[in-house]
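Colleague: Here it is, the structure in full.
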Amino acid sequence: MSSERIFSPIAATTFDLDIDPDKNLTDFASEAYLLRGLYLDAEVRSLVGQIEQSNAYLTEINKLITEANRIIYQGDNFSATTWASSESTEASEPIQKITLDNGYGLSFYEGGTFQITDKNNNNLVFADGTLIPTDKDNNSFAGIPLQGNATVILDDGTKITLQVSSVNVVTDVFISRGNQGMSINSVNVNPTVTGPDLNGVDINNGVEDGDILVENGGVHSLLNAGNDIINFDISSGVLTDEQKHFINNQLDIDIDLSAPLTAEIWENLKPELILARDNLTGSNQLQTVQLQSALTRYNQNYDAMSNSHNKIYTLLKDILANFK
């Protein structure tokens with residue numbers, strides 16, 4: 001026995017004016033695009049908020065790492081200077097060459113150009129009002145224009161403050177680490193070295209830091225730590241309740257901060273802070289990519305809405321033209 005299926009034609013879908021007689025096809029299309037735009041707008045705002053929070057966290061972490069370096073490496077006063085300087089009149093040699101601890105050094109050339117070098121031969125070159133990070137393979141990265149004073153804080157706690165004139169020219173460089181200090185004056189004319197002496201505290205207190213740039217695995221890699229590095233009391237190492245909460249809860253670092261922070265505690269805290277900074281930097285880069293993607297979709301949505309309106313307008317115009 002066979003069965004025969006009988007198909008009935010489905011009635012064509014029609015525009016039901018009872019839905020909303022005051023709306024036409026353009027209104028419905030616009031609503032759909034606008035609703036999608038609201039979702040995309042919320043996504044963009046959320047990502048911007050996450051990036052802003054990550055940047056705020058990175059600033060605080062960099063301040064704490066800088067303080068860790070200061071306490072770890074500058075806790076003891078030097079009984080004698082450990083730095084050295086040399087002068088040269090050879091055209092191919094720097095006018096002044098400074099040798100610091102732990103493989104760091106500075107070289108000053110004619111015309112106001114100078115560079116900071118680390119033990120791995122990475123460089124931070126100042127030229128034409130800009131700091132240019134350059135790695136050991138001579139690859140250059142995005143420059144950092146100097147709008148005012150700037151301080152580079154090396155991994156060993158050495159502070160190198162660049163005093164900048166109103167025309168973005170570095171006129172003087174001040175170096176300090178603990179009670180050891182040195183100054184290089186008239187950098188843009190004829191670099192003259194004073195020191196090294198055991199006057200680092202006075203040098204450090206005598207010049208405004210400006211924007212603070214923290215070394216991150218080489219002088220060719222710097223992170224901005226704002227312009228207000230907090231100097232905690234070395235003897236007590238006291239942190240505020242907000243800073244303790246930030247470390248233990250926001251960063252989820254399990255270190256007892258109830259007692260005064262000794263140099264040993266800072267040594268244990270520093271690698272945890274660096275790990276948190278690296279994780280945040282990675283997350284920040286991913287969030288930036290996601291934000292770029294969301295902004296692209298956001299713009300595409302409104303472009304599509306505009307194109308849809310144009311097509312509907314053209315269609316209606318053609319229909320009206322046919323009635324003439």
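Colleague: Hey, can you tell me all the residues within segment 163-174 that are touching a helix residue (DSSP H, G or I) at 6+ places or on another chain (Cβ under 8 Å) and without any contact (Cβ under 8 Å) to a residue 40 or more places away in the chain?
Modeller: Result: Phe174, single match.
Colleague: Can you give me the number of residues within segment 30-55 that are within 15 Å of Thr288 (Cα to Cα) and either surrounded by 12 or more Cβ atoms within 10 Å (Cβ to Cβ) or of a type in the set (A, V, I, L, M) (or both)?
Modeller: Looking only at that region, the number is 10.
Colleague: Can you give me the number of residues within segment 49-68 that are modelled with pLDDT of 85 or more and among the acidic types (Asp, Glu)?
Modeller: Total meeting the criteria: 2.
Colleague: Taking the conditions exactly as written (free of Cβ contacts under 8 Å to residues at least 24 places away in the same chain and more than 25 Å from the chain's Cα centre (by Cα)), does Leu35 satisfy them or not?
Modeller: yes
Colleague: Could I ask something else about it? Could you check Asn224 against (1) crowded, with 16+ Cβ neighbours inside 10 Å; (2) polar (S, T, N, Q); (3) within 20 Å of Leu146 (Cα to Cα) and say which number it fails?
Modeller: Result: Asn224 passes all but (1).
Colleague: Same structure, new question: Residue by residue through segment 241-289, note down the ones that are open to solvent by 90 Å² or more (accessible area, probe 1.4 Å), within 18 Å of Asn69 (Cβ to Cβ) and of a type in the set (A, V, I, L, M, F, W, C).
Modeller: Of everything in segment 241-289, just one residue is open to solvent by 90 Å² or more (accessible area, probe 1.4 Å), within 18 Å of Asn69 (Cβ to Cβ) and of a type in the set (A, V, I, L, M, F, W, C), namely Leu275.
Colleague: Can you work out which of the residues in segment 108-120 that are open to solvent by 40 Å² or more (accessible area, probe 1.4 Å) and on the phi < 0 side of the Ramachandran plot is modelled with the lowest pLDDT?
Modeller: So the residue we want is Glu110.
Colleague: Follow-up question, since we're still on this one. Restricting attention to segment 177-221, which residues are surrounded by fewer than 17 Cβ atoms within 10 Å (Cβ to Cβ), over 24 Å from Ile132 (Cβ atoms) and among the aliphatic types (A, V, I, L, M)?
Modeller: Leu198, Val201
Colleague: Is there a residue in segment 79-101 that is in contact with a Leu (Cβ under 9 Å, 6 or more places away or on another chain), open to solvent by less than 20 Å² (accessible area, probe 1.4 Å) and either acidic (Asp, Glu) or free of Cβ contacts under 8 Å to residues at least 40 places away in the same chain (or both)?
Modeller: yes
The values are calculated or read from the model by the stated rules, or taken from the named source; none is laboratory data. Since we're looking at a predicted model, the values are computed, not measured. As a convention, Cβ positions derive from the backbone with ideal geometry for all residues, glycine included, and neighbour counts pool all protein chains shown. The accessibility values were calculated without ligands, DNA or RNA, using every heavy atom of the protein model including side chains. Shrake-Rupley method; radii C 1.70, N 1.55, O 1.52, S 1.80 Å.
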